[in-house]
Amino acid sequence: MSVRVRYAPSPTGSPHVGNVRTALYCHLFARRHGGTHILRIEDTDRARLVPGCEEEIVESIQWLGIEWQEGPDKGGPHAPYRQSERSEAGVYRQHVERLIELGHAYPAFDTPEELEEMRLSQQLNRQPIGYFGGLWREAGPDQAAAAKKEGRPYVIRLRMPRDKTLVCHDAIRGRIEFDSNTVDDPVLVKADGMPTYHCAAMIDDHLMGITHVFRGEEWIGSVAKHVWLFEALGWEPPVWVHVPVILGKDGKKLSKRHGDTRCLDYRAAGYCPEALANFVALIGWAPGGDVELMSMQEMCAAFDIDGLQPSPGVFDPEKLNWMNGQYIRQLSEERLAEAVQTYLSLPDTADYWLREEYAGRPTGEALLLLSNTLRTQPELAQQALALEQPRVVTLADFGEACAFFFQEEPPMDEAAVQKWFGQSHVPELLNSLVDWLFPFAESPNSGPAAEECEAFLRAWAQDHGFEKLGPIVHPTRVALTGKTVGPGLFELMAVLGPARMIQRARRAREFLW
């Protein structure tokens, strides 16, 4: 059997982590088995369509490295791949009519007021909520014809069987049974003529030869209806794969309060697509062993349904940050500069850091400074990126981390100034540093190397009776960077160069007392 899977999003909102995980699993499974991955746009809910959402869906999964072989943009043997276009082409009509002919579907002319009255009655009598019958389920063809003649609007409902056990064989959870008497009659075709998910998705899955349906476990409550539709039409059902829900670390359903959930927000926040794909794949899937960092190729080779877990997956931001940092550290200096430049060139990067929740943070301004330096002084910027590479978590972190390299006067940490600049040896240290740097500044050759900077400070410490280097290194770092933490002092001194160091050492003397 040739594997055929589909990612079938509805363009009614931005794709989030749960959506793209389903797309990722489809991609991994198809690649593992040499099968076909289909992108199908389920856009029959016309009232809830969001302009630009389909484009965002495509952009999101492309950014993550997810591929598909058939879809609206690629065509294929089952085109069109938008359900609205398929509906206009009459793809679903013949199958719905067949269900009606077989007695498995019927028109229902209930008004919104009648449906609301039914729902309230069910609530008052503590009955299951839903359309379990009534006049139109049992109505004869003459009654339906008369209602149509009157011009009354109607929907087409699937007639669920009664006193029957419906069985779903879920690839993760095994056999799941449903008492058909507890399942209401779902709408197949709405009053506007558009098919619902229950109708269009199942018909398309059959017509497109889908072998495995990956979707969230929230659909388990509806799978009895889908099992019955396949059975009513005499079709072989696909393998159902209901992947676990994603929870926050607090055990509650993932939401905005747990961090960004919109896929492209992670791009704007500075996450690498390889890291996010790796992280998302492991929320509910265990490849075996202790391996965590996996390339897309490695995940494709390892992915199997047996590794999917029935229990909820947990979205752990700390693990994502760790993983993203690891991916950043694996980049060569050249690829790192390219990744940062690409990140800074994205229009949604600036928009993201201008959001109200980030007001007052210097991230946006620092990223702009980094962008300008990459353009005007690429060598300096790339050297700064390389020094900060072992310390950052996201690409956005490079902005603030590298800012002191490029600023004319980096802000001084008041606590650091209080701690280190009041010591008696610091004025002489800064004067000696300036004197030592002058010949380098006047020479056309490059400034001192990191080894020379280290040798100078160690010699100064020894000459002035310091057994440890800390009292020398810390005030020097504060004078040159304005803070007490950062990359190796000797390496950053080599990157700053003599002119900048002289300027900053002189400025630091203004803070002495």
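Results, tabulated for the structure shown:
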item: Criterion violated by residue 178 - all others in (1) assigned to a loop (DSSP other than H, G, I, E, B); (2) touching a helix residue (DSSP H, G or I) at 6+ places or on another chain (Cβ under 6 Å) satisfied; result: (1)
item: Residue match in the range 258-278 (condition: part of a helix (DSSP H, G or I), buried (at least 16 other Cβ atoms within 10 Å of the Cβ) and of a type in the set (Val, Ile, Thr)); result: no
item: Index of the failed condition, residue 12 passing every other in (1) of a type in the set (Ser, Thr, Tyr); (2) in contact with a helix residue (DSSP H, G or I) (Cβ under 6 Å, 6 or more places away or on another chain); (3) farther than 23 Å from residue 309 by Cβ; (4) crowded, with 18+ Cβ neighbours inside 10 Å; result: (4)
item: Within the range 42-52, tally of residues that are open to solvent by less than 50 Å² (accessible area, probe 1.4 Å) and either within 17 Å of residue 23 (Cβ to Cβ) or under 21 Å from the mean Cα position of the chain (by Cα) (or both); result: 3
item: Complete set of residues in the range 351-368 that are under 13 Å from residue 400 (Cα atoms) and outside any helix (DSSP H, G or I); result: 361, 362
item: Residue check for residue 401: loosely packed, with under 15 Cβ neighbours inside 10 Å, of a type in the set (Gly, Ala, Ser) and within 30 Å of residue 362 (Cα to Cα); result: no
item: Criterion (in contact with a Ser or Thr (Cβ under 7 Å, 6 or more places away or on another chain) and open to solvent by less than 80 Å² (accessible area, probe 1.4 Å)) met by exactly one of 128, 161, 107; result: 161
item: Number of the condition not met by residue 110 [criteria: (1) within 21 Å of residue 19 (Cβ to Cβ); (2) part of a loop (DSSP other than H, G, I, E, B)]; result: (1)
item: Residue in the range 438-445 that is touching a His at 6+ places or on another chain (Cβ under 7 Å) and not in a helix (DSSP H, G or I) present; result: no
item: Qualifying residue in the range 307-322 (condition: open to solvent by less than 50 Å² (accessible area, probe 1.4 Å), among the charged types (D, E, K, R), at pLDDT 95 or above and part of a helix (DSSP H, G or I)); result: no
item: Tabulated pairs, the range 44-59, first under 10 Å from residue 12 (Cβ atoms) and without any contact (Cβ under 8 Å) to a residue 40 or more places away in the chain, second crowded, with 16+ Cβ neighbours inside 10 Å and not acidic (Asp, Glu), C-beta under 7 angstrom, 6+ apart or interchain; result: 49/11; 50/11
item: Those residues of the range 15-28 which are in contact with a helix residue (DSSP H, G or I) (Cβ under 8 Å, 6 or more places away or on another chain) and either surrounded by fewer than 22 Cβ atoms within 10 Å (Cβ to Cβ) or among the β-branched types (Val, Ile, Thr) (or both), in sequence order; result: 16, 17, 19, 20
item: Subset of the range 86-99 [open to solvent by less than 70 Å² (accessible area, probe 1.4 Å) and either assigned to a helix (DSSP H, G or I) or over 30 Å from residue 53 (Cβ atoms) (or both)]; result: 86, 87, 95, 96, 99
item: Pick from the range 53-81, criterion open to solvent by less than 40 Å² (accessible area, probe 1.4 Å) and among the aromatic types (Phe, Trp, Tyr), ranking: farthest from residue 200 (Cα to Cα); result: 68
item: Matching residues in the range 13-48 - criterion: being assigned to a loop (DSSP other than H, G, I, E, B) and modelled with pLDDT of 95 or more; result: 33, 34, 35, 40, 42, 43
item: Selection within the range 234-257 - open to solvent by 30 Å² or more (accessible area, probe 1.4 Å) and more than 24 Å from the chain's Cα centre (by Cα); result: 234, 235, 236, 237, 239
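Rundown of residues vs (1) touching a Pro at 6+ places or on another chain (Cβ under 8 Å); (2) acidic (Asp, Glu), yes/no style:
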site: 7; (1), (2): no, no
site: 21; (1), (2): no, no
site: 48; (1), (2): no, no
site: 64; (1), (2): yes, no
site: 70; (1), (2): yes, yes
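The values are calculated or read from the model by the stated rules, or taken from the named source; none is laboratory data. Remember, predicted model here, so these are calculated numbers, not experimental data. Backbone-built Cβ (ideal geometry, glycine too); neighbour counts: all protein chains shown. SASA here: full protein model, heavy atoms, side chains in, ligands and nucleic acids out. Shrake-Rupley method; radii C 1.70, N 1.55, O 1.52, S 1.80 Å.
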